[in-house]
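All remarks here apply to the structure that follows.
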Amino acid sequence: MSSTPPTQDELKAQVGRAALAYVQPGTIVGVGTGSTVNKFIDALAGMKDQIKGAVSSSVASTERLKALGIPVFDSNEVEELAVYIDGADEIDGRGHMIKGGGAALTREKIVAAQSRQFVCIADASKRVEVLGAFPLPVEVIPMAAQRIMRQFAAMGGVAQVREKDGAPLVTDNGQHIIDVSGLRITDPKAFELEVSQWPGVVTVGVFALQRAHVCLLGTSSGVETLNFG
Ligand code: 5RP
């Protein structure tokens with residue numbers, strides 16, 4: 001008798017629940033953005049009386065946290081977080097990620113940088129050998145977008161401005177996102193360091209300096225824990 005394999009939504013819910021094991025009672029938790037993180041936030045509501053609250057990486061996550069009665073702190077109010085829980089668009093075998101599919105990469109990198117441990121929660125489709133099949137999100141100052149797109153073209157990438165309702169999408173920070181296809185990012189740290197220096201780049205969606213320490217990967221046979229050290 002064969003059982004039905006779990007849906008992607010069920011895999012996201014599994015890893016969202018599994019991430020609760022990394023939340024220390026009495027602390028403020030760093031919370032990412034996206035559909036997988038939404039599952040985590042829903043699960044976190046079940047232990048809201050055991051935590052002080054959360055630092056959030058987006059307006060969307062803030063609204064969801066508050067609706068469930070979880071206090072949200074400004075990141076400036078908190079010096080260091082024990083753990084940051086977030087999803088990814090791609091993750092490689094060393095914990096390097098592409099993030100920003102939900103346009104929240106800048107605040108995600110900020111909260112990750114103030115956290116001692118990054119726990120990535122993802123379904124198995126996100127695990128890759130080399131980053132780059134997912135179009136790389138880059139948050140940019142709008143006046144620099146065309147030049148940055150030409151710089152990516154010179155690297156062999158094809159960049160386009162992300163749109164919403166027929167106009168450039170505006171991030172929580174009032175900036176634009178470009179998505180770059182056709183890249184093969186074999187040295188994520190060097191790539192992140194280089195692109196981060198281009199004038200007008202706010203944040204590049206390669207997370208190598210703020211890589212994951214652990215990934216909880218939702219697979220058809222259960223949650224697999226990848227420890228990257
Ligand atoms: C948002 C992100 C998300 O973590 C990433 O896009 C994954 O999202 P999802 O869990 O919906 O697949 O980086 O900016």
Worksheet item: For the chain, what is the Kirkwood estimate of the hydrodynamic radius, computed as the reciprocal of the mean inverse distance between distinct Cα atoms, to one decimal in Å?
Response: 17.9
Worksheet item: Can you give the extra length, in nm with one decimal, that the chain gains between residue 66 and residue 221 once fully stretched, where that is 0.36 nm per residue apart less the Cα-Cα distance?
Response: 52.4 nm
Practice prompt. Highest first, please rank the peptides 24-37, 73-86 by the mean number of other Cβ atoms sitting within 10 Å of their residues.
Written response: 24-37, 73-86
Practice prompt. With 10 Å bins from zero, work out the P(r) of the range 136-204 over every alpha carbon pair and list the percent per bin.
Written response: 22, 57, 20, 1
Worksheet item: Which value, in Å², gives the accessible area per residue of the range 136-204 when a 1.4 Å probe is used on the protein heavy atoms?
Response: 53
Practice prompt. Could you pull out every one of the lysines with an alpha carbon less than 24 Å from that of residue 52, ignoring same-chain neighbours closer than 8 positions?
Written response: 39, 66, 109
Worksheet item: More than 21 Å apart: what percent of Cα pairs in the range 1-126 qualify?
Response: 33
Discussion item. I need to check one value: relative contact order of the range 134-227, counting alpha carbon pairs closer than 8 Å and at least 6 residues apart, in percent.
Written reply: 32
Practice prompt. Sketch the reach of a paramagnetic label on residue 24 as a point 7 Å from Cα along Cα-to-Cβ, and name the residues of the range 106-121 whose backbone nitrogen lies under 12 Å away.
Written response: 116-117
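The values are calculated or read from the model by the stated rules, or taken from the named source; none is laboratory data. No experiment lies behind these values; they were computed from the predicted model shown. Here Cβ is always computed from backbone atoms with ideal geometry, including for glycine, and neighbour counts include all displayed protein chains. To get the accessible areas, we keep the full protein, side chains included, count just its heavy atoms, and leave off ligands, DNA and RNA. Shrake-Rupley method; radii C 1.70, N 1.55, O 1.52, S 1.80 Å.
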